[in-house]
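S.K.: The following block contains the structure, expressed as structure tokens.
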Amino acid sequence: MIANYGYKDGSGDFFISIDTDKCIACEDKPCLEACPIKILEKFADDYDDEVVGVKEEHRKKIKYSCAECKPASGERNLACQKVCQPGAIEHSW
Amino acid sequence: MAEVKEYWRWKEYNWKNPDINWQDAAVITAGIDVGSVSSQAVIMCDGELYAFSNMRTGSDSPNSALNAINWAMADTGLTQKNIHFTVGTGYGRVNVPFADRAITEIACHARGANYMYGPTVRTILDMGGQDCKAIHCNEKGKVISFIMNDKCAAGTGRGMEVFANLLGVSIEEVGERSLQVDEEPGPVSSTCVVFAKTEATGLLRSGWSTEKVLAAYCSAMAHRVVSLLERIGMEEDFAITGGIAKNVGVVSRLEKELGVKALKTRHDTQIAGAIGGALFAKALVEKGKK
Ligand code: SF4
Ligand code: SF4
């Protein structure tokens, strides 16, 4: 399943998409530890598969939650993407 | 004192299938969808729709869930003891005290739409009370992808209720009235319901008819959800669930913008989530989860 977490507002689209089919097979789930803000969490989805998603409290402010990794200028360091070998995480901005 | 008309108020009701006798059923399940604006309880006998209620959500979720199931069971002779498994869904799903399990409204709407519209449905737009979701599913109603926008009330049932009250038009007439314009106006520019309200008041003052303002608002709502759909893509067949699916003014503009016709159903579009919940409940009984 491709789960899109985030929002759209007047300033743009701010979504993190996670291909949860890849998370099922990913045993260590390194993204959880790698994210400095601990935005991601592990849970059993509606079909009882163990997957990763964005915590509820970050979904409506994801642009700001991820700001540390995505400064307005300079190098971006998306730790979640770097450690995700299967390439399950994408950011819309 | 003069009675204050509540233009936002939509019809609350319950229904029972006269062709089903629940005493003949092997598996009786329930789905309770407690949304921010409305609550529905659906009871299914062996996976067929037996009874439901559709009402406004009260001040707390547990009571709303209880009122909904009691109203769905009214005059059936059923009690909660006869129900083998109950799934809670929607915004208040974790606050359904008698639910055996909570399942997200995303999964429940996909499963419910599969039942209501058939296995050809691939894209579902759920326009609920406080949020809007676009979902892709397979022929079994399993979610393939989803996107949700719940950051503000614009483009939602609550936003439409606020507008109905502001313009003094019954919520059930908003759609039809919005189509009574000679020329389609541009959408209201604001995506925020608070600013859209201010903008609408200004337009009325400047001489716009109520119908024209409604047309502009329905158009803005349609436009807003189209952009959400664009993010995950449109795959036919296409269906709309939730209360806004009953608003012909939004649906027809949406269809026009998308260039796609939405499927029709004989079922109430507001009960899709609760139907999905009851179907999940049946599958869980069959898996021996209770
Ligand atoms: S590292 Fe990638 S595949 Fe593994 S759990 Fe995290 S997002 Fe999923
Ligand atoms: S971009 Fe940074 S803060 Fe955002 S989820 Fe990835 S690692 Fe966490």
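Values quoted throughout were computed directly from the atomic coordinates according to the rules given, and no laboratory measurement underlies them. As the structure is a computational prediction, the values presented were derived from the model and not from experiment. Methodologically, a virtual Cβ is constructed for each residue, glycine included, from the backbone with ideal geometry; neighbour enumeration extends over all protein chains shown.
S.K.: Take the alpha carbon gyration tensor of chain B, find the square roots of its eigenvalues, order them as a ≥ b ≥ c, and report rounded if a/c is under 1.5; if not, report prolate when a/b exceeds b/c, else oblate.
M.R.: Here chain B falls in the prolate category.
S.K.: Let me know the shape class of the protein assembly as shown, please: from the alpha-carbon gyration tensor, a ≥ b ≥ c as square roots of the eigenvalues, rounded when a/c is under 1.5, otherwise prolate if a/b is greater than b/c, or oblate.
M.R.: Values: a/c = 1.82, a/b = 1.03, b/c = 1.77.
Oblate.
S.K.: Going through the stretch A:1-91, which chymotrypsin sites (Phe, Trp or Tyr not before Pro) have at most 16 other Cβ atoms within 10 Å and a DSSP loop state?
M.R.: Loop-located and lightly packed - A:Tyr47.
S.K.: Using 25 Å as the Cα-Cα cut-off, could you pick out the over-long pairs in A:Lys22/A:Lys55; A:Lys8/B:Lys11; A:Lys61/B:Lys133; B:Lys11/B:Lys140; A:Lys22/B:Lys142; B:Lys11/B:Lys264? Mind dumping the intermediate values first?
M.R.: Values: A:Lys22/A:Lys55 18 Å; A:Lys8/B:Lys11 32 Å; A:Lys61/B:Lys133 18 Å; B:Lys11/B:Lys140 31 Å; A:Lys22/B:Lys142 17 Å; B:Lys11/B:Lys264 20 Å.
Listed pairs above 25 Å: A:Lys8/B:Lys11; B:Lys11/B:Lys140.
S.K.: What FRET efficiency comes out for B:Asp24 versus A:Ser73 if R0 is 56 angstrom and r is the Cβ-Cβ distance? Round to the nearest 0.05. Don't skip to the answer; put the middle values down first.
M.R.: On the way: r = 69 Å, r/R0 = 1.24.
Result of the calculation: an efficiency of 0.20.
S.K.: Can you give the helix-only mean residue ellipticity at 222 nm for the protein assembly as shown, where every DSSP H stretch with n ≥ 4 adds -39500 (n - 2.57) and the sum goes over all residues, rounded to the nearest 500 deg cm²/dmol?
M.R.: So the calculated ellipticity at 222 nm is -9500 deg cm²/dmol.
S.K.: Tell me the label-point distance for the pair B:Glu139, B:Val94, using the 7 Å Cα-to-Cβ offset, in nm and rounded to one decimal.
M.R.: 3.7
S.K.: Another question, if that's okay. In terms of the Cα gyration tensor, with a ≥ b ≥ c the square roots of its eigenvalues, is the stretch B:54-182 rounded because a/c is under 1.5, prolate because a/b exceeds b/c, or oblate? Write down the numbers at each step before the final one.
M.R.: Details: a/c = 1.85, a/b = 1.27, b/c = 1.46.
Cα axes put the stretch B:54-182 in the oblate bin.
S.K.: Can you name the helices of chain B, as whole DSSP H runs, whose Cα span along the helix axis is 30 Å or more and whose Kyte-Doolittle mean is not below 0.5?
M.R.: Span-like helices here: B:210-232.
S.K.: Here's something else I'd like to know. Whole-Hz Karplus ³J(HN,Hα) for the stretch A:73-80, in order, using 6.51 cos²θ - 1.76 cosθ + 1.60 and θ = phi - 60°, x for Gly and Pro?
M.R.: 9, x, 6, 8, 10, 8, 4, 4
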